[in-house]
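Below is one structure, written out as structure tokens, with a few remarks after it.
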Amino acid sequence: MFKGKSMLFWGILVIVIALILIVTLVQKRTSDSQVRIGSVPILTGEYKSYGEQFRDGALLAIKEINASDQGKKAELIVYDSEGNKDLALEKLKALKERDKIKFIADIMGSGIALNAMPYVNQNKMLVISGVNTGPEFTANGGPYFFRIIPSDGVASQQLAKWALELGYKNAAIVHATDVWGTGLETVLEKTYTDLGGKLVLIKDSDQKQTIFKPIVSELIEKNPDVIFLILYPREAGLFLKEAQKQGLKSRFMGTDNFTGSELAQMGGDAVTGVMFVLPSTEKDKSEKYTRFLSLYQKTYNTTKEPTLFNLMAYDCVQLLAKVIKDSKGDVEKAREILTTINYDGITGKISFDKNHDVVVKDYARKIFTYNKERKLYEPVDFSK
Amino acid sequence: MMNEQIIHGIIIGSTIAFIAIGYALVYSVLKFINFAHGEVMMIGAYLCYIFTQVFQIESFLNAMLLTVVFTGIIGVIIEKVAYKPLRLKGRLSMLLSSLGVSIVLQAFVSIIFGSSPLVYNIKETAFPLFGYQFYPRELVLIFLLITSFFAVSIALKRSRVGLAIRAISSNPTRTTMLGIPTDRIISIIFFISSSLAAMAGISLAVESGLTPSMGFQYSIWAFAVAVIAGLGSIRGIFIGGILFGIVVTFSILYGSSLFADAIALSIMTLILLVKPQGLFPQKWREF
């Protein structure tokens, strides 16, 4: 009996000591870093390459801040949303309540982030996004959401304008069924028809759907000049392969969904001639970019150029770090600073309009061609 | 355009039927649904990737043959480890075990290869036949489906193994008492069903790339076809698979891709409400 009580006593003591240690360590972790930023990218599943690009860019920003700013330690806490909006919200709550973090460098995925916006705004967490392009954020992002990547509303204008400049007066749209796909389809449909274009077919395609045979046959019959392909790279690559097989002659256009190497990996030579627009990052002219490129290639031991999401993530974190320091960690002050900021990032000058959308300067026009030296299909400037 | 869409449906349906044969073969003997069948198909696709990309086997045909044999062996091992010890515990135990195997196989592949899509890096060239652009792979798949259908049907009716399978299907306890090697016959069944799944998996991977979840949608459809056919009917699967492929094609064409699954599976439910034993009458069945 005594032995049992003794064991119980020691057991409780061990648990209490362990709890004290955990609480102490957590408090130490909290107090050590002056710039603490959270991030909820997608790091699991078929779209994890986007999340990895973002995380890699964000970590480089943290590395650079810590290397240059003695005594001001920066920390990035990354939680994987697995592409699930409910899980993303849970992770966001964990960042707020457990990690005591109020500054967020992206909640990846337009649908996932929109679902989290009521919590973000209610709890006054400041989010800067570098990947969410859904047009809904312009009206529904709320006071604490800013983004440094232009809305699809702007991308659709660029795309529609370019298509009509090339004489593509009849078009079709094939779009993903998620928030990003339907959002972009809605604004593109309106913009293209408002500018005088005619849409001959609009088809949706579920993200997990890889059967494109019926849609391609229908498109051959409708014979549009151009097809706006609002699909994720894997599905878009497979669509292009099927289009090539059936002999579809229309041209293809897209937006920043075609950045990265996945489209060419899936589509092979069928990606030749595919055109897309993406925000111009002015990277060739910037000293900051040259420094970033060197750090990126050295850190990740690669000769590849960083992707758009690497760059966006870096700017998101650097911008957050700046406003955290300038506001001394006060969310309201940080928000005020952001509304009037004119920040010089590696993606160019960053300032925000009244809806907290980035003020857009320019868009780049790209086309996929075969690079004989590198023996791969990659996008080059359209003018070239 | 209508003819083209029907051919699309036949091609899609052939893949579905190929997978469904595996469900039916296992069900015919052990009377349980092997929910890991889709993942065995995925394992087959990844094995072929290992042979072609890691071991650099130049001939894709040789890599395919090796894959078919190895996937068959993996199917037999899965049966020995995960199902055989549970045979006397009832069908529900084996069914739950198959769900476990399915999760383990998917997790295993995700850990090794990650979840980003992979491709075989082979270039297919389509050619016209009857006004339709075929990949050779698609014709081979249709040919193999027809061959498998006849081979399985004839083997079940004429060969000693087929006779044994039918006997086990009717009364497994009695056949063991009569000295029929039940374990060996079940191994043969798993070898054949896993090999057929590997062929379907390779074809799907060439078309859509490889992901750990690549087997999910098709295996759900194949399961639906096997049920519509009346679990165990090879002939029913052949016809049901093709019809199902055509229904999926027209669902995408005239509706939304979001409804393709819903429409196709609603038809399955309707058929089962009207004919609970499946679409094809008892006299059509081989077992």
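Every number in this text was worked out from the coordinates using simple rules, so none of it is lab data. Computed from a prediction, not measured in an experiment: that's the story for all the values here. Reconstructed Cβ throughout: ideal geometry from the backbone, glycine too, with neighbour counts over all protein chains shown.
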In percent, how large is the relative contact order of region B:75-149, given Cα pairs closer than 8 Å and 6 or more residues apart? 14
Eligible lysines near A:Lys245 by straight Cα distance, threshold 25 Å, same-chain separation 8 or greater: A:Lys169, A:Lys203, A:Lys208, A:Lys213, A:Lys222, A:Lys366, A:Lys372, A:Lys375, B:Lys123
Fewest-first ranking of A:Ser286, B:Ser257, using other Cβ atoms within 10 Å as the exposure measure: A:Ser286, B:Ser257
If a paramagnetic tag sat 7 Å from the Cα of A:Lys361 along the Cα-Cβ line, which residues of region A:327-351 would have the backbone N under 20 Å from that point? A:338-351
For chain B, what does the alpha-carbon gyration tensor say about shape, rounded, prolate or oblate, given a ≥ b ≥ c as the root eigenvalues, a/c under 1.5 as rounded, and a/b over b/c as prolate? oblate
Of region A:133-172, those with amide N under 17 Å from the point 7 Å along the Cα→Cβ vector of A:Lys349 are A:148-150
Simple spin-label estimate for B:Lys123/A:Thr302, 7 Å along Cα→Cβ, in nm, reads 2.6
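Report the longest stretch of chain A that contains none of the chymotrypsin sites (Phe, Trp or Tyr not before Pro) sitting in a DSSP loop with at most 16 other Cβ atoms within 10 Å.
Longest gap between qualifying sites, sites excluded: A:1-299.
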Separation between the B:Val81 and B:Val161 pseudo-spin-labels, each 7 Å from Cα along Cα→Cβ, expressed in nm? 2.3
